[in-house]
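Beneath this line is the structure, given in structure tokens, with notes to follow.
A short reminder: the numbers here are calculations on the coordinates, not readings from a lab. Source: prediction; values computed, not measured. Cβ atoms come from the backbone with ideal geometry, glycine included; neighbour counts cover every protein chain shown.
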Amino acid sequence: MGTSEAVLQVLSGAVPRLFHSDSSFSMSDSIHASKFRLKCSRKRASRYLQFLKCSSVLQYGVRGIGSGVPNKKADLSSLQICKCQKSESVSGVTTEDGNGAWFVDNAKNLNPINGMMNTSNVLEFQDLQHLKQENEDLKSNSANGALRDTFHKISVDSIEDEAWDLLRESVVYYCGSPIGTIAAKDPTSSNTLNYDQVFIRDFIPSGIAFLLKGEYDIVRNFILHTLQLQSWEKTMDCHSPGQGLMPASFKVRTVPLDGDDSATEEVLDPDFGEAAIGRVAPVDSGLWWIILLRAYGKCSGDLSVQERVDVQTGIKMILRLCIADGFDMFPTLLVTDGSCMIDRRMGIHGHPLEIQALFYSALLCAREMLAPEDGSADLLRALNNRLVALSFHIREYYWVDMKKLNEIYRYKTEEYSYDAVNKFNIYPDQISPWLVEWMPNKGGYLIGNLQPAHMDFRFFSLGNLWSVASGLATMDQSHAILDLIEAKWVDLVAGMPFKICYPALEGQEWQIITGSDPKNTPWSYHNAGAWPTLLWQLTVACIKMDRPEIAAKAVEVAEKRISQDKWPEYYDTKRGRFIGKQSRLFQTWSIAGYLVAKLLLADPSKAKILITEEDSELVNAFSCMISANPRRKRGRKDLKQTYIV
Ligand code: GLC
């Protein structure tokens with residue numbers, strides 16, 4: 001059965017309880033149709049507020065994350081426990097941290113940051129700088145290598161301690177329980193915009209850091225609350241996006257309690273893009289949610305969350321939204337500009353690599369977590385078909401290295417046939433002069449986007465790094481991507497890891513493609529700025545390929561400045577020399593990204609909670625596709641074809 005057939009079966013009701021025969025998902029038939037939701041709908045109608053409500057801790061357990069769950073009592077008690085654990089873990093953090101208690105403790109004695117939970121960030125920062133200056137002075141005066149190492153360690157440990165303190169300060173509570181982390185807590189910025197919200201994508205490194213530290217509650221709460229937001233009825237100018245969309249961000253608001261002016265209640269207020277700058281739909285949110293859900297189960301050993309009926313339904317709703325048939329000829333996901341980390345116009349509409357890598361990764365994670373039950377067989381088949389077709393498409397058509405560039409350079413065009421070599425009618429003149437110079441002899445990468453007559457040759461970091469981590473790139477390609485990163489270190493890392501993309505759009509290209517966006521000027525922000533948060537994805541990719549030293553080197557580069565510069569969101573200029581023009585300071589995912597990189601480098605085996613591998617079934621199916629391809633005959637011929645694509 002082909003992909004579309006399988007999907008059709010799924011959509012036409014062959015999968016009971018998952019999708020309704022009517023294409024509009026019926027809430028009343030779904031497990032999501034709890035009283036709680038209906039009540040929320042009434043509230044929305046009367047107040048025009050799309051809020052998830054919770055007026056007391058007791059109601060939270062019953063109406064909040066426990067809704068739709070058989071054991072509501074258990075949820076409530078776990079939340080109460082979670083509340084107690086919160087205070088324990090906050091006070092415990094300063095003593096359990098780091099390797100080598102002597103250095104850590106002594107650094108803490110020297111450095112007042114350890115008692116700083118309630119002091120201002122500015123003071124903390126000055127104290128840290130003072131300590132660092134002292135260390136620097138001592139270092140330069142000392143001829144003793146051991147002493148120098150000691151001070152280096154103290155200084156690095158202080159950075160880590162500071163990062164943990166800042167990360168904990170960024171935690172957002174909902175009815176007394178930790179639920180996420182704020183995007184930035186910049187005391188120097190008067191205009192917060194939406195940086196005071198919990199962004200789904202920004203929380204991923206925070207969540208991973210907490211998981212690696214053994215603090216699971218915040219991640220569990222985040223997963224379950226965002227799941228409830230997923231089913232929100234959302235509209236923009238009377239149009240509703242597909243069910244299953246996860247918000248880009250949400251905020252905990254305190255509002256007056258209905259009918260009682262003297263009391264207040266907390267509500268969750270999600271933004272699905274209807275308020276975001278440019279009104280961009282966050283396609284990556286649901287994909288990251290699935291990836292975090294798997295990591296939570298793998299790290300905590302608690303599989304009960306992924307096994308919950310509402311969570312299983314949530315996974316399926318995301319899959320349904322992604323796998324649904326459209327007009328597209330390609331297995332890649334078709335999205336608008338700004339639908340991921342790059343959430344402004346940057347010419348990445350179409351089939352951007354970042355979304356494809358997250359899509360592939362989420363499909364693999366979902367495949368691992370979906371409960372085998374009657375009716376999910378068709379969905380799994382559709383999922384498998386898509387995985388194979390997607391990996392084939394990306395590996396074959398997105399890949400460039402010297403050899404491939406030379407092939408494109410000599411392409412014939414206007415080939416009308418089934419077995420055209422230049423399938424997408426790429427004109428060789430598209431190979432930009434920068435690329436001819438830039439492509440190293442050893443190494444290669446996956447291009448940013450592919451459309452008819454268009455290859456976006458820019459190097460997009462997150463897409464490439466996550467293609468390595470998820471196995472969307474082959475092992476050879478993955479090594480080649482890391483080879484390229486090493487060869488192009490000065491362009492991709494230089495003063496601060498890691499460029500979001502390379503090179504920048506300049507001149508007329510910048511005018512036309514970004515719409516003359518003053519925030520995305522060349523070598524700034526999304527237009528080839530350097531984003532420290534990318535350290536964690538770099539680390540996962542390097543560990544997967546057994547080349548952690550590359551990530552360790554990047555972490556060392558970051559450590560030279562990141563805390564001194566107050567943990568900026570991004571850096572500007574070709575070599576990442578300036579703190580970004582409009583960069584937030586104390587940006588949480590810069591802090592968490594650094595911490596995850598450090599934690600994983602300290603124990604690389606932990607990276608397995610984020611890494612996915614192809615299993616033999618998929619490898620077989622992929623080989624069959626390769627051998628069926630008229631252009632490239634390779635792979636084992638005797639393999640049985642498992643999936644029809
Ligand atoms: C910016 C970034 C986006 C991030 C958000 C919050 O909009 O482009 O990726 O999620 O800030 O930090």
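Shape verdict for region 236-314, please, from the Cα gyration tensor: rounded (a/c under 1.5), prolate (a/b greater than b/c) or oblate.
oblate
Using 21 Å as the Cα-Cα cut-off, could you pick out the over-long pairs in K316/K544; K488/K598; K213/K298; K404/K488?
Among K316/K544; K488/K598; K213/K298; K404/K488, the Cα-Cα distance tops 21 Å for K316/K544; K488/K598.
Anything over 27 Å Cα to Cα? Flag those among K499/K553; K251/K560; K423/K608; K185/K606, in the order listed.
Checking Cα-Cα distances, K251/K560; K423/K608; K185/K606 exceed 27 Å.
Given axes a ≥ b ≥ c from the Cα gyration tensor, I'd like to know whether region 313-402 is rounded (a/c under 1.5), prolate (a/b larger than b/c) or oblate. Mind dumping the intermediate values first?
Details: a/c = 2.13, a/b = 1.57, b/c = 1.35.
Judged from the Cα gyration tensor, region 313-402 comes out prolate (a/c at least 1.5, a/b above b/c).
Work out the length of the dipole vector of region 257-370 about its Cα centre, built from +1 on the beta-carbon of each Lys and Arg and -1 on the beta-carbon of each Asp and Glu, and round it to the nearest 20 debye.
Roughly 820 debye, rounded to the nearest 20.
So, in nm, how far is label K581 from label K403 when the simple model puts each one 7 Å beyond its Cα toward the Cβ?
For K581 paired with K403, the spin-label model returns 4.2 nm.
Could you sort 149-159, 430-440, 281-291, 386-396 so that the peptide with the highest average Cβ count within 10 Å comes first and the rest follow in order?
281-291, 386-396, 149-159, 430-440
If packing is taken as the mean number of other Cβ atoms within 10 Å per residue, what is the order of 165-177, 520-532, highest first?
Per-residue Cβ counts within 10 Å, averaged per peptide and sorted highest first, yield 520-532, 165-177.
From Cα coordinates alone, what are the radius of gyration and Dmax values for region 168-282 in angstrom?
Both quantities, over Cα of region 168-282: 15.0, 44 Å.
Ranked highest first by the average count of other Cβ atoms within 10 Å around their residues, in what order do 460-466, 419-425 fall?
Numbers: 460-466: 27.6, 419-425: 14.3.
Going from most to least packed, we get 460-466, 419-425.
Given 10 Å bins starting at zero, what is the percent of C-alpha pairs of region 372-457 in each, up to the one with the largest pair distance?
For region 372-457, the binned pair fractions read 15, 40, 24, 13, 7, 1 percent.
Please state the relative contact order of region 228-299 as a whole percent: Cα pairs under 8 Å, 6+ residues apart?
Working: 83 pairs, mean separation 19.5, N = 72.
27 percent.
With just the Cα atoms defining each centre, how far is region 381-455 from region 537-590? Give it in Å.
30
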